[in-house]
């Protein structure tokens, strides 16, 4: 929609101070109501040398952008007028161009108001919603248009939140419509210090990896506070991921009724890991934003599978009050990882009942072996199981391991000697008579 300047002046009380809700490097923002809808009106500062045909063409293209994570451009205005203005101490009558953009109004304000030096004040579900939404919005700008739209000024102040805390990328005033197949050397524009990638700062190069770098900085600041980007340079990627994940886990566990430990660990650690790859100094090593979105989609699919498996497991598992076996260690199974070498650790199983029980170890047989993996235990007895990690040719990225060991146990009437354990546990599961202890597997190194 093309707005007339007199209409915009009417709904903003001639750009009155009481209507102003913010200011930026490119203009002042006013709150107004147009045809019953609240809108944000951005009056641009005088931009010398801007071609009006270029302005009209660019914002006609931007008006076509429709995505739930991009602030909607409702319309714009560019009109010339004559007015008196001060020039070197003299009052002159000059012709000036007024340029105004009108956007949907975002009630939640900007993301930067929620980020402090130490952390992000938003709850983790909202943080993750913002991270995921910002990635999806940027992906739409880069991939869904006839020509990609490069934002070139992604920062917390340009990620706005609506009343439901849905994030939307704002201020496409710096956007350029460029060929998706070429990397262009452009004139230096007003990006924001700290969010511009090194190849741009040094040589003025712009590619699809410019916005990826900026978004990586935003995510790091959401995860670790405004000082987080500087802290990540002082630590190895693995140590930084562990540091941030541990801090978020402490914060989450302090919340009443918190119960999503495993899924949130995955989301937190994956978000930090992605952000670190996004800010790699070598732009060729940074992922494309489409790859980031696909990675987050795969993560959500995995979490959904975990949730379904957990629901099934709850149906097959007795309550904690009737567990018949205890397992030591209780929290996780740790392997001292050395590339190309086997590693072993020990489990202690304790029969807590006054009768016989059978046990069964479930673990990925392609990577691990357990000795013994099945057996029976007399009343109130202990049994030791050695679990061995086969020699691994490659070091896992950031030493992350997502494997799990399960210890199943069930009551039996006596030591049955040579029995078909598989059939025994299948029958017990059908009757919901199996206890299950799950142990996450963790890789550690000597320098930890």
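The values are calculated or read from the model by the stated rules, or taken from the named source; none is laboratory data. It should be emphasised that the depicted structure is a prediction, and the values quoted were computed from it without experimental measurement. For neighbour counting, all protein chains shown are included, and Cβ atoms are generated from backbone atoms with ideal geometry for every residue, glycine included.
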Inset, instruction - With respect to residue 70, determine if the residue is touching a helix residue (DSSP H, G or I) at 6+ places or on another chain (Cβ under 9 Å), within 18 Å of residue 163 (Cβ to Cβ), surrounded by 15 or more Cβ atoms within 10 Å (Cβ to Cβ) and outside the structural domain of residue 135 (by TED's automatic domain parsing). - result: yes
Inset, instruction - Considering only the stretch 202-235, state which residues are at pLDDT below 90 and in a helix (DSSP H, G or I). - result: 228, 229, 230, 231, 232
Legend entry - Subset of the stretch 104-136 (residues that are assigned to a strand (DSSP E or B) and under 14 Å from residue 158 (Cβ atoms)): 110, 115
Inset, instruction - Would you mind stating whether residue 146 is over 17 Å from residue 225 (Cα atoms) and exposed (fewer than 15 other Cβ atoms within 10 Å of the Cβ)? - result: yes
Legend entry - Subset of the stretch 340-354 (residues that are at pLDDT below 90 and either surrounded by fewer than 12 Cβ atoms within 10 Å (Cβ to Cβ) or under 15 Å from residue 444 (Cα atoms) (or both)): 354
Inset, instruction - Could you list all residues from the stretch 76-103 that are surrounded by fewer than 18 Cβ atoms within 10 Å (Cβ to Cβ) and either part of a loop (DSSP other than H, G, I, E, B) or in contact (Cβ under 8 Å) with a residue 12 or more places away in the chain (or both)? - result: 79, 80, 81, 82, 83, 88, 89, 94, 95, 96, 97, 98
Inset, instruction - Take residue 358 and decide whether it is in contact (Cβ under 8 Å) with a residue 24 or more places away in the chain and loosely packed, with under 14 Cβ neighbours inside 10 Å. - result: no
Inset, instruction - Kindly indicate which of 265, 274 is in contact (Cβ under 8 Å) with a residue 24 or more places away in the chain and in a helix (DSSP H, G or I). - result: 274
Legend entry - Residue tally, condition surrounded by fewer than 23 Cβ atoms within 10 Å (Cβ to Cβ) and out of contact with any helix residue (DSSP H, G or I) (no Cβ under 7 Å at 6 or more places or on another chain), over the stretch 197-226: 7
Inset, instruction - Could you grab me the full set of residues in the stretch 1-30 that are in a strand (DSSP E or B) and surrounded by 17 or more Cβ atoms within 10 Å (Cβ to Cβ)? - result: 27, 28, 29, 30
Legend entry - Number of the condition not met by residue 391 [criteria: (1) in contact with a strand residue (DSSP E or B) (Cβ under 8 Å, 6 or more places away or on another chain); (2) surrounded by fewer than 17 Cβ atoms within 10 Å (Cβ to Cβ)]: (1)
Inset, instruction - Kindly establish whether residue 163 is assigned to a strand (DSSP E or B), assigned by TED's automatic domain parsing to the domain that holds residue 214 and either touching a strand residue (DSSP E or B) at 6+ places or on another chain (Cβ under 7 Å) or at pLDDT below 95 (or both). - result: no
